[in-house]
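The values are calculated or read from the model by the stated rules, or taken from the named source; none is laboratory data. Everything numeric in this text was worked out from a predicted model, so none of it was measured. Heads up, the Cβs are rebuilt from the backbone with ideal geometry, glycines too, and the neighbour counts pull from every protein chain shown. Protein only, heavy atoms only, side chains kept; ligands, DNA and RNA dropped before computing areas. Shrake-Rupley method; radii C 1.70, N 1.55, O 1.52, S 1.80 Å.
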Amino acid sequence: MSILNKLSCTSALAAIALTGFAAAPAAAQEASVFFMLPNSTTIRFERTDAPLYVAAMKARVPEVTVTVQNGEGDPERQQRLVEDALTQGADLIVYTSSDANLSAGALKAAEEAGVPVLLYEHDAIGGKAEAHVLFNARAVGQAQGKRAAELIEGMPDGTIRIARVKGNQGEYGTTQYELGQNEYLQPLMDSGRVEVVCEDFTPNWDPVEAQAFAENCLTRTGGQVDMFLGMNDGTTGGSVAALISQGYKKGEVVVTGGQDATIEALQFVVQGWQDNTIFKDLRVMAEAAADLSVNILNGENLSGEWINDTVNNDFMDVPAAFLPVENVTIANVSAVVDAGLYSWEQICDGAADATICQENM
């Protein structure tokens, strides 16, 4: 069992989760739910998603047991965890795949055991799932691409050389982020305004891998890179780390394409190292996942409040709850404070001399 289950959620998170929910029907009251996290490299899952989901489920179903476990980026380990959960009498698997392309075995095991699966954020290819809760991945890519195009428009005339630091290869999200980004970048590439000088996927979204790629790109191009375009805060953070390690100054190379609004990314934004991050309100995601979990446990129709589309996972069209996203730059970083995600003191740690911090501290 993960240590996350032994940690109590903060009062703020609990207060969010405890407001305004009716008691769940009896079928879910003593259910055993296993929340399978994908890895530890994307820090939001252990730090935020898991505590929020646990609190949201406890608010709806006080007697529920939620066990949080982490696949640590290893799909074989994650499948073993799923199989162990089934042996322990799981009533529901909430599943964030370690590798979408290698999830079929875990999904098949759950189906054969008659245990429903709710997909959470990451897709899982080749098996049955009751529903999928995720942020609108295409909209994330579109926001990232639009912001990159705006920044490029403000750069000097001539060819802008960019490096693309992609996510985990083959994932639904990675594919959709790239498609969304390309809606804005492809015309610039076709016109010659943008040249992609380096690009690669980042295994398991590992920031260390992203940093190694960025360092190699800077070396291979002799530093002739104007922009690093990532897909989440881990990949952009890797680019920032590479620039710092090689002695670059803030703003010398633009780093954009963040996602998740981690505290580290927001600190980079106010410090001037990173241009943006996509804010995905994980409190809303916890509410959606918890509501749908209760629906599934009780054999109810999925909530029309949340289900608004489908995702095809090469096995079926999975009913999907696409959640909204918001692009955050220095101009509207206050949005995450207003949402209660972080305080100005947290965001401005290490950047107290920044104008925005002086105005808000």
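Partner lysines whose Cα lies under 30 Å from the Cα of Lys250, excluding those fewer than 8 positions away in the same chain, are identified as Lys146, Lys166, Lys280.
Listed by chain and number, the lysines placed with their C-alpha closer than 22 angstrom to that of Lys249 amount to none; residues fewer than eight positions away on the same chain are left out. Stretched out straight at 0.36 nm per residue, the stretch from Arg77 to Asn332 would grow longer than its current Cα-Cα span by 87.8 nm.
Looking at region 207-361, the DSSP beta bridges with both ends there are about 70 percent antiparallel. Figure legend: label point modelled 7 angstrom from the Cα of Tyr248 along Cα→Cβ; residues of region 153-181 with amide N under 14 Å from it are 161-165. Against the empirical 2.2 N^0.38 Å (N residues), the chain has a Cα radius of gyration ratio of 1.01. FRET efficiency for the pair Glu195 and Lys108, taken as 1/(1 + (r/R0)^6) with r the Cβ-Cβ distance and R0 = 30 Å, rounds to 0.10. Taking all protein chains together and a 1.4 Å probe, the residues Asp314, Asp200 rank Asp314, Asp200 from largest to smallest accessible area.
The residues of region 242-316 present an accessible area of 39 Å² per residue when probed at 1.4 Å with all protein chains retained. The 1.4 Å probe gives accessible areas that order Phe34, Phe315, largest first, as Phe315, Phe34.
For a bin width of 10 Å, list the pair-distance distribution of region 233-361 built from all Cα-Cα distances, rounded to whole %. Whole-percent P(r) values from 0 Å outward: 12, 33, 25, 18, 10, 1.
Loop-located GluC sites (Glu not before Pro) in region 195-259 (DSSP state not H, G, I, E or B) with no more than 15 neighbouring Cβ atoms inside 10 Å: Glu252. Summing +1 for each Lys or Arg and -1 for each Asp or Glu among the other residues whose beta-carbon sits under 12 angstrom from that of Glu30 gives -2. The alpha carbon convex hull volume per residue for region 87-185 rounds to 94 Å³. Compared with the dominant Cα axis of the chain, that is its longest principal axis, helix 282-297 is turned about 30°. Rounded to whole Å, the principal axis extents of the Cα atoms in region 202-295 read 56, 28, 17, largest first.
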